[in-house]
Amino acid sequence: MSRKALCIAHLYPDLLNLYADRGNIAVLRRRLEWRGYEVEVVRVTHSETPDFSRYHLVLLGGGSDREQAIVAEKLRACAPAFRSAVQDGLPVLAICGGYQLLGEYYQLPSGEKVPGIALVDMVTEASPDAPRLIGNIAVWSDEAGVIVGFENHGGRTRHSHRPLGRVLHGHGNDGVSGHEGLRHLNIWGTYVHGPLLPKNPALADAVLRDALAYAHLPDHLEPLDDRLEREARTAFVSLRMEDVAPMLRTEAESR
Ligand code: GLN
């Protein structure tokens with residue numbers, strides 16, 4: 001690989017890939033290639049052991065409770081190496097089920113607790129009496145502007161870190177706090193599926209900048225022609241979340 005290669009690990013793509021989460025990998029790869037970087041994507045399936053010393057960015061997608069329990073065991077087995085790389089600045093993008101497993105535990109509606117890897121000070125609890133949090137979601141993030149997508153989770157998440165953003169429409173971490181996702185070290189945690197990054201190019205670039213800096217590569221990203229992405233955002237929001245539309249208009253005007 002050339003001097004400019006960046007290595008992205010997709011952890012457990014065979015188990016965690018709800019709502020096309022692998023689309024996030026396609027976006028990360030293309031946005032780097034369009035800027036002249038070489039990219040290596042390593043798919044680490046559940047029968048393999050991740051090598052955290054090789055990666056510059058780790059992606060974990062979402063999954064059902066059943067798949068999460070399998071992944072949790074795999075993650076716990078490599079947690080010390082994962083934790084130490086993250087402490088050193090390894091960026092992680094974790095979506096929904098993957099996000100939940102970064103915390104201390106995910107409590108299933110039955111009351112059983114699936115232990116996570118305690119990378120962050122966070123717990124997630126689902127209850128048979130509380131409805132799932134489902135629907136379109138929009139979030140305001142100081143780092144990436146308006147983030148749009150879809151959420152579907154039974155778990156309610158509480159943590160002591162800063163959130164990724166503030167809920168503009170939808171539920172977010174727990175449906176009541178107004179907080180969505182998590183930011184700590186170079187960890188980006190979120191409930192937004194859909195997949196997340198195709199409709200949110202500013203967020204994709206923010207995550208990539210972390211990864212490039214971690215890889216000691218130049219992290220100035222030339223602007224790309226994001227007209228199609230902006231049209232997708234506008235169409236999605238105007239069809240599904242009219243209350244968020246004025247914020248996207250302001251965003252478009254500020255370009
Ligand atoms: N199984 C988890 C929950 O229901 C995560 C779901 C997901 O990844 N969409 O809370």
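The values are calculated or read from the model by the stated rules, or taken from the named source; none is laboratory data. Since we're looking at a predicted model, the values are computed, not measured. Every residue, glycine as well, gets a Cβ built from its backbone with ideal geometry; the counts of neighbours run over all protein chains shown. The accessibility values were calculated without ligands, DNA or RNA, using every heavy atom of the protein model including side chains. Shrake-Rupley method; radii C 1.70, N 1.55, O 1.52, S 1.80 Å.
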Worksheet item: Distance in nm between label sites at Arg43 and Thr250, each 7 Å beyond Cα in the beta-carbon direction?
Response: 4.2 nm
Worksheet entry | Formal net charge of residues neighbouring Leu197 (Cβ-Cβ distance under 11 Å; K, R +1; D, E -1) | +2
Item to complete: Starting at the first residue of region 203-209, write each ³J(HN,Hα) from the Karplus equation 6.51 cos²θ - 1.76 cosθ + 1.60 with θ = phi - 60°, in whole Hz, x for Gly and Pro.
Response: 5, 4, 5, 5, 5, 5, 4
Worksheet entry | Long-range amide H partners of Glu40 with built H, under 5 Å | Leu6, Cys7, Ile8
Worksheet, complete the sentence: Relative contact order in percent for the chain (Cα pairs under 8 Å, 6+ apart) equals 18 percent
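Report, in deg cm²/dmol and to the nearest 500, the calculated mean residue ellipticity at 222 nm for the chain, where each DSSP H run with n ≥ 4 adds -39500 (n - 2.57) and the sum is divided by the residue count.
On the way: 7 runs with 74 residues, N = 255.
Using -39500 (n - 2.57) per qualifying helix, the result is -8500 deg cm²/dmol.
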Practice prompt. Could you rank Arg43, Arg209 by how accessible they are, 1.4 Å probe, largest area first?
Written response: Arg43, Arg209
Practice prompt. Please report, to one decimal in angstroms, the Kirkwood hydrodynamic radius of region 100-253 built from all distinct Cα-Cα pairs.
Written response: 16.4 Å
Item to complete: Over region 132-222, average the accessible area per residue using a 1.4 Å probe and give it in Å², no decimals.
Response: 35 Å²
Worksheet entry | Distant-in-sequence amide H partners of Ala94 (H built 1.01 Å from N, under 5 Å) | Leu60, Trp188, Gly189, Thr190
Worksheet entry | Calculated diffusion of region 167-229, Stokes-Einstein form, Kirkwood radius summed over Cα pairs, 10 °C and 1.306 mPa s, µm²/s | 118 µm²/s
Practice prompt. Among Leu208, Ala245, Pro223, flag the residue with its Cα farthest along the positive direction of the charge dipole of region 178-255, charges on Cβ as +1 for Lys/Arg and -1 for Asp/Glu.
Written response: Ala245
Item to complete: Would you mind getting me the FRET efficiency between Ala235 and Trp34? Use the beta-carbon distance for r and R0 = 25 Å, nearest 0.05.
Response: 0.65
Discussion item. What does DSSP give for the chain in terms of the percent of beta bridges that are antiparallel, rounded to the nearest 5?
Written reply: 55 percent
Worksheet, complete the sentence: To the nearest 20 debye, the chain has a Cα-centred charge dipole, built from +1 on Lys and Arg Cβ and -1 on Asp and Glu Cβ, of 240 debye
Practice prompt. Would you mind checking which residues have amide H under 5 Å from Gly149's amide H? H placed 1.01 Å from N; only 5 or more apart, or other chain.
Written response: Ile137
Worksheet item: Once you list every other residue whose beta carbon is under 15 Å from the beta carbon of Val123, what net charge do they have if Lys and Arg are +1 and Asp and Glu are -1?
Response: -2
Worksheet entry | Environment charge at Phe150 (Cβ cut-off 15 Å; Lys +1, Arg +1, Asp -1, Glu -1) | +1
Item to complete: Could you rank Arg166, Arg233, Arg255 by how accessible they are, 1.4 Å probe, largest area first?
Response: Arg255, Arg166, Arg233
